[in-house]
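The values are calculated or read from the model by the stated rules, or taken from the named source; none is laboratory data. Not measured: the values here are computed from a predicted model. Cβ: placed from backbone, ideal geometry, glycine included. Neighbour counts: every protein chain shown. All accessible areas refer to the heavy atoms of the entire protein, side chains included, with ligands and DNA or RNA removed. Shrake-Rupley method; radii C 1.70, N 1.55, O 1.52, S 1.80 Å.
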Amino acid sequence: MSNDLVGVWEVALSDGVHRIEFEHGTTTGKRVIYIDGKEILRRDWMFKLVGKETFYVGNSDTKATINIDAVSGFAYEYTLEINGKSLKKYMENRSKVTSTWLLNLDGSDCRIVLEKDTMDIWCNGQKMETAGEFVEDGTETHFLLGDHDCCIKAVSSGKRRDGIIHTLLVDGNEVGECTE
């Protein structure tokens, strides 16, 4: 890494939390983007110092754009957009359409993400094989993590504003949801 690093963002996607780093050499016109420490884009001798760079993040190829805007003189502002939304708006929306649990199983940290719109379940970047069933008070989606039986129960809250409540059970024990 050089001393041209101007922006670092942490982006939580279903397949994991990705670190995006951006280098902008205002004297050389260089632009470099790293995702999780791996260089994914490099442009040298860019004479136009403002503009945007679009690239894709994660296993689901989520669209990301870094906007480079002149603020005053030779000062620049760098903003990250995910799927066309500011990072802040994207993360606010994401908290509505996903549920995330962090737990330690057999000495390994697990990050489990439920995509509420598709009912896809991800664990540490891998999409899980699941089996869904309707039960008396809602649905249950079953999957295995190693030797552990896991189930996400979806039950109506009974309140229109709260919607459906998703609960993770590992070997029958409830795991608390976290906020990212």
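Note on the stretch 95-120: among residues that are hydroxyl-bearing (S, T, Y) and within 12 Å of the chain's Cα centre (by Cα), the one that is most open to solvent (accessible area, probe 1.4 Å) is S95.
One residue stands out in the stretch 58-84 among those that are touching a helix residue (DSSP H, G or I) at 6+ places or on another chain (Cβ under 8 Å) and closer than 14 Å to V6 by Cα: the one that is least open to solvent (accessible area, probe 1.4 Å), namely L80.
Can you find a residue in the stretch 121-132 that is under 16 Å from T167 (Cα atoms), of a type outside the set (V, I, T) and under 14 Å from the mean Cα position of the chain (by Cα)? Yes.
Matching residues to (1) closer than 21 Å to I164 by Cα; (2) touching a Lys or Arg at 6+ places or on another chain (Cβ under 7 Å); (3) in a strand (DSSP E or B):
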position: L80; (1), (2), (3): no, no, yes
position: K89; (1), (2), (3): no, no, no
position: S95; (1), (2), (3): yes, no, no
position: N104; (1), (2), (3): no, no, yes
position: D117; (1), (2), (3): yes, no, no
position: H142; (1), (2), (3): yes, no, yes
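When the stretch 7-57 is filtered for residues that are in contact (Cβ under 8 Å) with a residue 60 or more places away in the chain, crowded, with 16+ Cβ neighbours inside 10 Å and of a type outside the set (S, T, Y), the ones remaining, listed by number, are G7, W9, V11, A12, D15, G16, I20.
Going through (1) under 21 Å from the mean Cα position of the chain (by Cα); (2) acidic (D, E); (3) modelled with pLDDT under 95 one by one, D44 falls short only on (1).
Has the stretch 86-94 got any residue that is in contact (Cβ under 8 Å) with a residue 40 or more places away in the chain, of a type in the set (D, E, K, R) and open to solvent by 50 Å² or more (accessible area, probe 1.4 Å)? No, the conditions are met nowhere in the stretch 86-94. Scan the stretch 126-139 for residues that are closer than 25 Å to A12 by Cα and either surrounded by 15 or more Cβ atoms within 10 Å (Cβ to Cβ) or among the basic types (K, R) (or both) and jot them down. If the condition is that a residue be closer than 25 Å to A12 by Cα and either surrounded by 15 or more Cβ atoms within 10 Å (Cβ to Cβ) or among the basic types (K, R) (or both), then K127, M128, T130 are the ones that fit.
Taking the stated definitions as given, is L168 of a type in the set (A, V, I, L, M), touching a strand residue (DSSP E or B) at 6+ places or on another chain (Cβ under 6 Å), open to solvent by less than 60 Å² (accessible area, probe 1.4 Å) and in contact (Cβ under 8 Å) with a residue 12 or more places away in the chain? Criteria met by L168.
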